[in-house]
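The values are calculated or read from the model by the stated rules, or taken from the named source; none is laboratory data. Just so it is clear, the model here is predicted, and its values are computed rather than measured. Ideal geometry is used to build each Cβ from the backbone, glycine not excepted, and the neighbour counts take in all protein chains shown. In case anyone asks, the SASA skips ligands and DNA or RNA and just uses the protein heavy atoms, side chains included. Shrake-Rupley method; radii C 1.70, N 1.55, O 1.52, S 1.80 Å.
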Amino acid sequence: MSLPPLLMRLPRRLRASGPPRRLWWSPSLRTLSVGSWRAQSSKAPAYWNQVVSEAEKIVGYPTSFMSLRCLLSDELSNIAMQVRKLVGTQHPLLTTARGLVQDSRNNLQLRGLVVLLISKAAGPSSVNASCQNYDMVSGIYSCQRSLAEITELIHTALLVHRGIVNLSELQSSDGPLKDMHFGNKIAILSGDFLLANACNGLALLQNTKVVELLASALRDLVQGVYHENSTSAKEDHITNDIGISTWKEQTFLSHGALLAKSCQAAMELAKHDAEVQDMAFQYGKHMAMSHKINSDLQPFIKEKTSDSTTFNLNSAPVVLHQEILGRDLWIKQIGEAQEKGRLNYAKLRETIKAGKGVTSAIDLCRYHGNKALAALESFPPSEARSALENIVFAVTRFS
């Protein structure tokens, strides 16, 4: 089955060398220094933006411009004009579009930035000089910059496709059917356009192994999102039994595979050996896992959370809470949080926070962060490596 039809079947909602690496639960760790500023909680957007801003200076330009050639094309400009017709409707494509323009909170360009940083951290291969004639800017080959753009195009395409609405699940409060139908057409066209550009860029790299890596990452993404949504804990499927091992497997497919394999592909483009490629893969994998767990934790660690705020019942803290508590007690807690046939998320959130699921998720986030830091030990000290470490620090610090 081709990619667009498969995605249509998905449910609706789907600078210097820094200090020595330390385990994140080390009592001696208090602050993280980059230049003259001091680290705050990972919950502070300003802190995360500072980490990203410092990293972007190292690779040469803001990653928000990486896909500019694609975004300024006539084809996508025409699609943007069509998206404007959705203003005033409730189609999720509008939310995705706003996020692509104003992405300071989630930093949608993170994957491309990491690919550029790890490319610079590794540098040219010391045993294979076949690519020494390639263009290099700020310590990064032009083909590696192209790969970073391709990675972002694939990720953005998936975000757009995940905004496709399942028309069979529409409710009257979602607005007119014709608006949702039109929005779906635009989502399919724009997502396919981005994927087509990514495929064209891959072909221009003229490296069959890189093509194979990115193709398998795209397969993993679709498979992961499909499983993620097939076990989605909606209110009528809240008793789905998913353990943390299964959660980690599915999360790697849907959130980690693209970054891990893109990092590996960047090493392949610079002709690094299998060991260096594996270390790059491990960093991408574990950093992505830490980032996802951090995102899952936000509803449970934010100082101010609205009572109406919902959360995924298959997120890391909830899965760990259920696993620690036991199946029977978990179902009982779900029942106690029901009010008038609907789930009271505020009440359930407080119940989960009172257990050990949140602290266990924080430990798991730090575990993957330490694995990512360990993988970086094989790279020589540099500004780029320090920036990669700081990204890990930003998503694994909870204070």
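Per-atom-type breakdown for the range 275-399 gives carbon and sulfur 50% of the accessible area (1.4 Å probe, protein chains only).
Provide the net charge surrounding residue 224, with neighbours chosen by a C-beta distance below 12 Å and charges set as Lys +1, Arg +1, Asp -1, Glu -1.
Cβ neighbours under 12 Å give a net charge of +1.
Per-residue 3J(HN,Hα) values for the range 370-376, derived from phi via the Karplus relation 6.51 cos²θ - 1.76 cosθ + 1.60 with θ = phi - 60°, read 5, 5, 5, 5, 4, 5, 6 Hz in sequence order (x marks Gly and Pro). Computed over protein heavy atoms with a 1.4 Å probe, the accessible surface of the range 303-395 works out to 46 Å² per residue.
Magnitude of the Cβ-charge dipole of the range 288-330, K/R +1 and D/E -1, about the Cα centre, nearest 20 debye? With Lys and Arg at +1 and Asp and Glu at -1, about 120 debye.
Assuming a ≥ b ≥ c are the square roots of the Cα gyration tensor eigenvalues, decide whether the range 321-399 counts as rounded (a/c under 1.5), prolate (otherwise, with a/b larger than b/c) or oblate. Prolate. Which pairs break 30 Å Cα to Cα here: 248/347; 120/285; 261/347; 178/304? Beyond 30 Å: 261/347; 178/304.
Evaluating 6.51 cos²θ - 1.76 cosθ + 1.60 at θ = phi - 60° for every residue in the range 197-203, the Karplus couplings come out as 5, 5, 5, 5, x, 4, 4 Hz, glycine and proline recorded as x. The local environment of residue 60, defined by Cβ-Cβ distances under 10 Å, has a net charge of +2 under the rule Lys, Arg +1 and Asp, Glu -1.
Residues whose amide H lies under 5 Å from that of residue 338, counting only those 5 or more places away or on a different chain, are 344; hydrogens are built 1.01 Å from N in the peptide plane. So, counting K/R as plus one and D/E as minus one, what does the shell of residues with Cβ under 14 Å around residue 154 add up to? Residues near residue 154 contribute 0 overall.
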